[in-house]
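Notes follow once the structure below has been shown.
The values are calculated or read from the model by the stated rules, or taken from the named source; none is laboratory data. As the structure is a prediction and not an experimental result, all values here were calculated from the model. Every residue, glycine as well, gets a Cβ built from its backbone with ideal geometry; the counts of neighbours run over all protein chains shown. Quick note on the areas: whole protein, heavy atoms, side chains included, nothing else; ligands and nucleic acids left out. Shrake-Rupley method; radii C 1.70, N 1.55, O 1.52, S 1.80 Å.
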Amino acid sequence: TAFTVWNQSVVNEKVYTVSLGFLALTSWLVLRWLDAVDPARADRLLVTIAYLAGLGYAVHPAGFLAGPAVALAVVLRRPTTLVRWRLLGGAAGALALGLSLFAVEPIRAAHDPAINEGEPTACVGGPRLGCTLSAETWRRLSANVQRAQYGGHDVMARKAPFAAQLAGWWRYFEWQWWRDADERAPLARRLVALAFLALGLLGGWTHRRVERASWWYAAPLMLSLTVLLVFYLNFNYTWGQSPELGDTVAREVRERDYFYVWTFSAWGVWVALGLAPLWRALAARRGGRAAGGAPTARGWALAAPVLLVAAVPLVANAGAASRRGETFTREWAHDLLMSVAPYAILVTNGDNDSFPLWYAQQVEGVRRDVTLALVPYLGLDWYARQLIRRPVEPYDRARGPAAWRDSVPPRPTTPPLAMTAAEADAVPPYVELGEPQRFVHGAIDATVPAGVLTRDQILVLRFVRDAFPARPLYFSPGGYAQALGLGPWLRQEGLATRLVPERQVAGPTLHPLDGGVMLDVPRSKLLWDSVYRAPAALVREGRWLDRPSAQLPLVYAVTGQQLAQALAARGDTAGARRVMERVVAVARSAGYE
């Protein structure tokens, strides 16, 4: 019996859980294959393993993690398999059949779903045989599989010293048994991790001693899931690793412990096998031995509490692993979408402030009239093409904020970019500006700084030229528009920053912020008082576990403090006090005293 190890990293990333299921099923079939006496049955099992490898890879590249261990098991157990061409051909066919699941991508993409990352198809307006089987579809699908939009994956160009990458893995190893990410008890956490490391090593030794045949599969698999996986993933320094290095080294944008869900789950099996001899030794010591040398029943019972070691991760991680009642991210998406006017274009920064908005729009139907423009994707050709061809969805007056119900403009009929797909494809990745450049549109006369103007910045300026002011243009928190010299034409309304057609001047309703930006005090107060739901959700949850994305709750703390200062400057001390009470509660719940 193997004890289930509580693994915090599988909570949010469901694809990794599915991939873990494929790895477990494959490993079980390998054990069946090792025990098979009937050659025909063994062959069928091997072909099934090949099929599962292809199917698992189509879900996630981890589908091939068991490959080296399976190959070694074949070489050591039945080496003649390597010269049985019919069997190898059947296994190759089964592998290809599993990989055929990738065909879903171009077929689905041709239907132009609302979320169509990578757009791996040459078809427009629905799938057709000719374009689905074209070289262009194959090129785009291959780019998707190889993650070309993220720069590919060159494992030989090391992003950090291998020793540092192993240290990052060890940090996550410690978390699996006790997720003390805030470093409240580092010594105790390390001792617990060392204990589970020792139990796993004891389990590996026990496995080798008791059942050598399956050990020759399990040990190479463990090597693949540890040292080789760390080398292949080739991570930067993890987000919280070696804080003394600060920003002098490149870091991952989030903690990546979920990439090792396979590692720690497999290690849990060896931990269980390590508990077995420990239990046996304690049973013999506490209750003596019966005839034949085995511990007595009384000894087994007296030593049974040692098995509670398996519950340590469950108890230590119960608070960190459970996501029950956590709604902050959903409410954040609601709040940001509700901050913008009907039919707005909202420029967002990246995964953390964009993916929740996709969920809110496509699953819960919140503000589907808003056009999202993700900065990282604006640098990719397929994303601009989607923005050009997709119609704007109607504004739901009944579900929108009360502030907009009486001022809904007509539904736009033109895209945010007045370009053809070919013209969008021709936008360069960047242009070099030898000196500052003027950007003039209506009353906007901005100075774009010298340096490099990236493709996403070029397209955002095209939003201004092609769609503004007919369509409202907003920016997610982060200072993106200020970097383009648009500060004097920016007005902060709650969480979002709005581009306005004329230069701002401080007054009764506008409070000056940094960089020429003005805070719309009445609008922001209205949003804080009657629209925003995330602060209450975070205070109710009372914690924020994911340190890399803590900027989301901090946005409420910063913008709320700005609003409180503006209210106080206008004599509304009671309103300022109420806002600051919420600011303090949000900051404390996010772990910032």
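Figures for the structure shown
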{"quantity": "Verdict on Thr509 being of a type outside the set (D, E, K, R) and over 20 Å from Glu331 (Cβ atoms)", "calculated": "yes"}
{"quantity": "Odd one out for Gly494, checked against (1) on the phi < 0 side of the Ramachandran plot; (2) under 27 Å from the mean Cα position of the chain (by Cα); (3) of a type outside the set (Ser, Thr, Tyr); (4) open to solvent by less than 60 Å² (accessible area, probe 1.4 Å)", "calculated": "(1)"}
{"quantity": "Residues being open to solvent by 20 Å² or more (accessible area, probe 1.4 Å), in a helix (DSSP H, G or I) and touching a Gly at 6+ places or on another chain (Cβ under 9 Å) - total across the range 245-271", "calculated": "3"}
{"quantity": "Pairs, first over 15 Å from Phe64 (Cβ atoms) in the range 145-160, second not in a loop (DSSP other than H, G, I, E, B), C-beta under 7 Å, six or more apart", "calculated": "Ala160/Tyr237"}
{"quantity": "Within the range 179-220, considering residues that are of a type in the set (Lys, Arg) and under 30 Å from the mean Cα position of the chain (by Cα), the one farthest from Asp35 (Cα to Cα)", "calculated": "Arg184"}
{"quantity": "Residue list for the range 459-481, restricted to those being assigned to a helix (DSSP H, G or I) and in contact with a strand residue (DSSP E or B) (Cβ under 7 Å, 6 or more places away or on another chain)", "calculated": "Val460, Leu461, Phe463, Val464, Arg465, Ala467"}
{"quantity": "Residue within the range 576-591 that is assigned to a loop (DSSP other than H, G, I, E, B) and touching a residue at least 24 places away in the same chain (Cβ under 8 Å) present", "calculated": "yes"}
{"quantity": "Test: residue in the range 211-225 that is within 18 Å of Leu166 (Cα to Cα) and among the acidic types (Asp, Glu)", "calculated": "no"}
{"quantity": "Elements of type helices (runs of 4 or more DSSP H) in the range 272-387, at least 3 residues being more than 30 Å from Gly494 (Cβ to Cβ)", "calculated": "297-303, 312-316, 318-321"}
{"quantity": "Counted residues, the range 519-532 - those being more than 11 Å from Ala564 (Cβ to Cβ) and surrounded by fewer than 23 Cβ atoms within 10 Å (Cβ to Cβ)", "calculated": "8"}
{"quantity": "Residue match in the range 433-444 (condition: open to solvent by 30 Å² or more (accessible area, probe 1.4 Å), aliphatic (A, V, I, L, M) and within 30 Å of the chain's Cα centre (by Cα))", "calculated": "no"}
{"quantity": "Members of the range 397-422 found to be open to solvent by 70 Å² or more (accessible area, probe 1.4 Å) and not small (Gly, Ala, Ser), listed by number", "calculated": "Arg397, Arg399, Arg405, Asp406, Pro410, Arg411, Thr413, Thr414, Thr420"}
{"quantity": "Breaking point among (1) of a type outside the set (D, E, K, R); (2) touching a Gly at 6+ places or on another chain (Cβ under 9 Å); (3) over 25 Å from Asn234 (Cβ atoms); (4) at pLDDT below 90, for Ala143", "calculated": "(3)"}
{"quantity": "In the range 383-405, residue farthest from Met419 (Cα to Cα) [restricted to those that are at pLDDT 90 or above and among the aromatic types (Phe, Trp, Tyr)]", "calculated": "Tyr395"}
{"quantity": "First in the range 536-561 and over 25 Å from Leu526 (Cα atoms), second anywhere and among the charged types (D, E, K, R), Cβ under 7 Å, 6 or more apart", "calculated": "Pro548/Arg254; Pro548/Glu255; Ser549/Arg254"}
{"quantity": "Single residue of the range 11-53 satisfying the filter (among the β-branched types (Val, Ile, Thr) and either more than 30 Å from Glu326 (Cβ to Cβ) or touching a strand residue (DSSP E or B) at 6+ places or on another chain (Cβ under 9 Å) (or both)) that is surrounded by the fewest Cβ atoms within 10 Å (Cβ to Cβ)", "calculated": "Val37"}
{"quantity": "Restricting the range 167-183 to residues that are part of a helix (DSSP H, G or I) and free of Cβ contacts under 8 Å to residues at least 24 places away in the same chain, the residue that is most open to solvent (accessible area, probe 1.4 Å)", "calculated": "Trp170"}
{"quantity": "Residue check for Pro313: more than 24 Å from Ala550 (Cα to Cα), of a type outside the set (A, V, I, L, M, F, W, C), out of contact with any Lys or Arg (no Cβ under 7 Å at 6 or more places or on another chain) and in contact (Cβ under 8 Å) with a residue 12 or more places away in the chain", "calculated": "yes"}
{"quantity": "Subset of the range 146-166 (residues that are at pLDDT 90 or above and surrounded by 17 or more Cβ atoms within 10 Å (Cβ to Cβ))", "calculated": "Lys159, Ala160, Ala164, Gln165"}
{"quantity": "Which listed residue is farther than 23 Å from Asn352 by Cβ and in contact with an Asp or Glu (Cβ under 7 Å, 6 or more places away or on another chain), from Arg491, Arg503, Arg471", "calculated": "Arg491"}
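So that you can scan it fast, the table gives a plain yes or no per residue for (1) acidic (Asp, Glu); (2) under 29 Å from the mean Cα position of the chain (by Cα); (3) modelled with pLDDT under 95:
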position	(1), (2), (3)
Arg462	no, no, no
Ala467	no, no, no
Asp514	yes, no, yes
Ser530	no, no, yes
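Residue by residue, here is whether (1) polar (S, T, N, Q); (2) surrounded by 17 or more Cβ atoms within 10 Å (Cβ to Cβ); (3) touching a residue at least 24 places away in the same chain (Cβ under 8 Å); (4) in contact with a His (Cβ under 9 Å, 6 or more places away or on another chain) holds:
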site	(1), (2), (3), (4)
Val75	no, no, no, no
Thr80	yes, no, no, no
Leu95	no, yes, yes, no
Ala103	no, no, no, no
Leu141	no, yes, yes, no
Ala185	no, no, no, no
